[in-house]
Amino acid sequence: MPVPASGTAHLLAGGHGGPGVLRPMVDTVLDALAHGAADRGGPLPAGGPAAVDRRIRGAARPLIPDEGEGPHHALRTLVRALTHGAADPADPRCTAHLHCPPLAVATAADLAVSALNPSLDSWDQAPAACALEALTCRALAELVHPDGPAPDALVTTGGTESNQLALLLAREAAGGIGSPLRIICGGNAHHSIHRAAWFLGLPAPHTLPTPTGVLDPAALHTALDRLPDADAPTLVVATAGTTDTGAIDPLTELADVCDHQAATPHIDAAYGVVLLFSDILNKMPQGLDRAP
Ligand SMILES: Cc1ncc(COP(=O)(O)O)c(C=O)c1O
């Protein structure tokens, strides 16, 4: 195996020497970010897919080199090309789909996490990070369930896995694989609900139309009565912050209907839960605490 250029094969990011090794590389990255943003000159790269493809091929050639050219050359070339070709949500003229402009402090914190590489699958690999994770999970759960006896949470990869976990827990509470769990959701629910049902071998969710953008409690009431398998354990999926419009289902009213008709609510707050961080908007997802 050829040795990478510049004798850099064994430089490590963490440890006593890490910051000294990283600092010049971080400078190279920051310079490349600045140059790439200037090359782009706007929220999107000019020229469309063909031009982006051409520039990336030029910067990444050869993609898997026989000999390295050293970290500064690699970082300078690739970071500049990636920045030139980025859709940059931090540009004031950018309206992002869903991805947010990262705060500078978060990006700096990511650097520390990358350098330390805490592996949270066991305490001995990340003692302090495990302690911080446990505290953070509890603090977040307390935001949602301030009056709960011992609120707690866990980290998932995102909304898709959270919805899958909710359906898995509901399936197990209903008797496990093959249980007759009924799932009811609105047409405004994220598609991961349907995928999770398929993945877990559950019947496809009953999807109620949401012409106003939110799930109607009266429509839910009727559906719970009239849909087949009325005696089956039922999970009702509400959404706090829909993917397309950010609408919030009437969570309290929906939870009341669930209580009345012995159904269990699940609230997908992948998008809307962050409202709880705001002193001004924290009342918007009222009823979030009604989901178990
Ligand atoms: C309401 C809602 N639920 C779930 C998801 C899926 O989240 P992720 O992409 O983190 O898996 C999204 C993503 O946009 C969402 O808007």
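Return one whole number: the accessible area per residue of the chain in Å², for a 1.4 Å probe.
62 Å²
With only Lys, Arg, Asp and Glu charged, each at its Cβ (+1 for the first two, -1 for the last two), find how big the charge dipole of the chain is about the Cα centre; round to the nearest 20 debye.
Here the chain has a charge dipole of around 980 debye.
With every protein chain left in place and a probe of 1.4 Å, what is the accessible surface of residue 289, to the nearest 10 Å²?
My reading of the accessible area for residue 289 is about 80 Å².
In degrees from 0 to 90, rounded to the nearest 10, what is the angle of the helix 18-40 Cα long axis to the longest principal axis of the chain?
The angle comes out at about 80 degrees.
Relative to the longest principal Cα axis of the chain, at what angle does helix 159-173 sit, 0 to 90 degrees, rounded to 10?
Around 40 degrees separate the two axes.
So if each residue of separation counts as 0.36 nm, and I subtract the Cα-Cα distance between residue 222 and residue 139, what length gain in nm does that give?
Once the chain is fully extended between residue 222 and residue 139, it gains 26.1 nm.
Provide the gained length on full extension for the span residue 229 to residue 34, in nm with one decimal, where the gain is 0.36 nm per separating residue minus the Cα-Cα distance.
Difference between extended and current length: 64.2 nm.
Report residue 122's accessible area, 1.4 Å probe, all protein chains in place, as a number in Å² to the nearest 10.
Rounded to the nearest 10, that gives 30 Å².
When the label point is put 7 Å from the Cα of residue 107 along its Cα-to-beta-carbon vector, which residues of segment 73-87 have a backbone N closer than 17 Å?
Counting backbone N atoms under 17 Å from the label point, the list is 75-87.
Which translational diffusion coefficient, to the nearest whole µm²/s, is obtained for the chain from the Stokes-Einstein equation, given a Kirkwood hydrodynamic radius over C-alpha pairs, 4 °C and 1.567 mPa s?
It diffuses with D of about 56 µm²/s by this estimate.
Where both partners of a DSSP beta bridge lie in the chain, what percent of those bridges are antiparallel, to the nearest 5?
10 percent
Just want the answer: with Cβ charges of +1 for Lys and Arg and -1 for Asp and Glu, which residue in 263, 170, 246 is farthest toward the dipole's positive end in the chain?
In the chain, that residue is 246.
The values are calculated or read from the model by the stated rules, or taken from the named source; none is laboratory data. Bear in mind that the values here come from a model prediction, so they are computed numbers and not experimental data. Backbone-built Cβ (ideal geometry, glycine too); neighbour counts: all protein chains shown. Remember, those area values only see protein heavy atoms, side chains included, never the ligands or the DNA or RNA. Shrake-Rupley method; radii C 1.70, N 1.55, O 1.52, S 1.80 Å.
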